[in-house]
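First the structure, then my questions, so here it is.
The values are calculated or read from the model by the stated rules, or taken from the named source; none is laboratory data. Values in this document were obtained by computation on a predicted structure and should not be read as measured data. Note that each Cβ is placed from the backbone with ideal geometry, even for glycine, and that neighbours are counted across all protein chains shown.
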Amino acid sequence: MDHHSHARRPLDGIRVISLEHAIAAPFCSRQLADLGARVIKVERPGTGDFARNYDERVDGLASHFVWTNRSKKSLCLNLKEPAAKDVLLTLLQDTDVLIQNLAPGAAARMGLSYEELTERFPELIVCNISGYGEDGPYRDKKAYDLLIQSESGFLSTTGFPGDDGMAKAGCSIADIAAGMYAYTNILSALILRQQTGRGSKIDVSMLESLVEWMGYPMYYAYKGAEPPPRAGASHATIYPYGPFPSGDGKSVMLGLQNEREWASFCQQTLQMPELADDPRFASNSNRSANRAELRAIICSVFGKLTSEQVIQRLDNAKIANAHVNDMSAVWSHPQLEARGRWTEVVSPEGTIPALLPPGRSNGFTPVMDPVPGLGQHTESILTGLGFTQEDIRGFKEQKII
């Protein structure tokens, strides 16, 4: 792997300042850091990004934080102090991208809007991430991940039938979606700047990011049509497609897509070839309509086998299947191990395992630098900007850093 570890990375030489907290902006800027960008994370003195304190699961550090903040430099700066703005403007002189997901309007009040900055820094790319975008009637509404899962209609498609059956996604998908669109929009703005020489303003909303992901259920319910029913972990409209219990207490996930697979499933997996021609199950629509009866048959066969035996039979029949893994099984997943996807990063509490970024390139290796302690790089960054030790002492006294 190391023959190209000194090769150029896509974002070498790009400097990113991020006024960020929680997940959406940190996830975006961490991926820019993966590609070689120098990311300076601006944090509030004393407390820092509040995601540092969500839990203590990773040797005392927060699970969200170690995931989204490796390879960054932490600079403490109290943006409420007017003198801090001078430090920030000095920092922006050689900066390519400014990211912020502060409360709506907060950056503009500090004079950090694109409109105000672009006159001084015409090549600067400014990316604003918010719940609902920077205009419209919802502009000032608070937006946390679960609220956007709800507002975007995502919750109407998850969980079990009935209004109390809805279930949120188990990870922060609205934040992740917004972080991904911020990341790709910034990459495209960097390409555009190569062509025009000018920066641009990017306005990413969590709502629009997640509604984009809802494209299939929305079109399925086009012009008031019936939306996909809530179906737990099963497919709403294809059957059998979902989890089935086996005899050792573990479930197996499987999915059929067509009649050829249905015949193979009956013959080789269920070993009941006569079912293939049963009119109750003769098409996907019929199988879906009679899913309770079919489920009983499948469960009675699987109940006599272990989960591994069921998977063996499904593999033999060339039926798509998967283990129903918990977190512990994913940590030790044989495929991730075989592909060498795990490495380690340093953190303030020692070394921790980390997954390499998805998308393996033969052109470069991603950056896997430490997770920063709060304010770990404040003095070195300020010194690099030309501030003296005396200046830095003064900033400390005025509680600017």
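Among (1) outside any helix (DSSP H, G or I); (2) surrounded by 21 or more Cβ atoms within 10 Å (Cβ to Cβ); (3) small (G, A, S), there is one condition A107 misses while meeting the rest; what is its number?
Going through the list (1) outside any helix (DSSP H, G or I); (2) surrounded by 21 or more Cβ atoms within 10 Å (Cβ to Cβ); (3) small (G, A, S), A107 breaks only (1).
Just one of (1) out of contact with any helix residue (DSSP H, G or I) (no Cβ under 7 Å at 6 or more places or on another chain); (2) of a type outside the set (D, E, K, R); (3) in the same structural domain as L32 (by TED's automatic domain parsing); (4) touching a residue at least 12 places away in the same chain (Cβ under 8 Å) trips up T306, so point out which.
Here T306 clears every test but (3).
Right, another one. For segment 283-310, enumerate the residues that are over 18 Å from N321 (Cβ atoms) and loosely packed, with under 15 Cβ neighbours inside 10 Å.
Within segment 283-310, S283, S285, A289, A292, E293, A296, S300 meet the criteria.
Rundown of residues vs (1) of a type in the set (G, A, S); (2) touching a Ser or Thr at 6+ places or on another chain (Cβ under 8 Å); (3) modelled with pLDDT of 95 or more, yes/no style:
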site	(1), (2), (3)
R15	no, yes, yes
I23	no, yes, yes
G36	yes, no, yes
D49	no, no, yes
G60	yes, no, yes
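The rows are residues; the columns are (1) aliphatic (A, V, I, L, M); (2) within 24 Å of D96 (Cβ to Cβ); (3) surrounded by fewer than 21 Cβ atoms within 10 Å (Cβ to Cβ).
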| site | (1), (2), (3) |
| --- | --- |
| D163 | no, no, yes |
| K168 | no, no, yes |
| T184 | no, yes, yes |
| I191 | yes, yes, yes |
| R198 | no, yes, yes |
| M214 | yes, no, yes |
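Look through L336, L374, L382 and report the one residue that is touching a residue at least 12 places away in the same chain (Cβ under 8 Å), under 30 Å from the mean Cα position of the chain (by Cα), assigned to a helix (DSSP H, G or I) and surrounded by 13 or more Cβ atoms within 10 Å (Cβ to Cβ).
Within the list L336, L374, L382, the selection yields L336.
Then there's this: Would you mention how many residues in segment 90-104 are surrounded by fewer than 19 Cβ atoms within 10 Å (Cβ to Cβ) and farther than 25 Å from G133 by Cα?
3
Any residue at all in segment 303-320 that's farther than 18 Å from P243 by Cβ and not in a strand (DSSP E or B)?
yes
All but one of (1) hydrophobic (A, V, I, L, M, F, W, C); (2) touching a strand residue (DSSP E or B) at 6+ places or on another chain (Cβ under 7 Å); (3) in a helix (DSSP H, G or I) hold for A296; state the number of the condition that does not hold.
Evaluating A296 over (1) hydrophobic (A, V, I, L, M, F, W, C); (2) touching a strand residue (DSSP E or B) at 6+ places or on another chain (Cβ under 7 Å); (3) in a helix (DSSP H, G or I) leaves (2) as the failure.
Which residue pairs have Cβ atoms under 8 Å apart, sit 6 or more places apart or on different chains, and have a first residue in segment 47-64 that is in a loop (DSSP other than H, G, I, E, B) and a second that is at pLDDT 95 or above and among the acidic types (D, E)?
D49/E20; D49/E43; D59/E349; G60/E349; A62/D55; A62/E56
Okay, moving on. With respect to D55, determine if the residue is farther than 30 Å from G136 by Cα, in contact with a helix residue (DSSP H, G or I) (Cβ under 6 Å, 6 or more places away or on another chain), assigned by TED's automatic domain parsing to the domain that holds P370 and surrounded by fewer than 18 Cβ atoms within 10 Å (Cβ to Cβ).
It is true that D55 is farther than 30 Å from G136 by Cα, in contact with a helix residue (DSSP H, G or I) (Cβ under 6 Å, 6 or more places away or on another chain), assigned by TED's automatic domain parsing to the domain that holds P370 and surrounded by fewer than 18 Cβ atoms within 10 Å (Cβ to Cβ).
Report whether or not A174 is modelled with pLDDT under 95 and of a type in the set (A, V, I, L, M, F, W, C).
No.
Among residues belonging to segment 16-46 that are part of a loop (DSSP other than H, G, I, E, B) and more than 20 Å from the chain's Cα centre (by Cα), point out the one that is farthest from D94 (Cα to Cα).
The extreme case among them is G46.
Turning to a different aspect of this structure: Go through the residues of segment 114-137 one by one and say whether even a single one is touching a Gly at 6+ places or on another chain (Cβ under 8 Å), assigned to a loop (DSSP other than H, G, I, E, B) and surrounded by fewer than 15 Cβ atoms within 10 Å (Cβ to Cβ).
Yes, segment 114-137 has at least one match.
Still on this structure, please answer the following. Can you tell me how many residues in segment 115-151 are out of contact with any Asp or Glu (no Cβ under 9 Å at 6 or more places or on another chain), within 29 Å of A189 (Cα to Cα) and of a type in the set (S, T, Y)?
The qualifying residues number 1.
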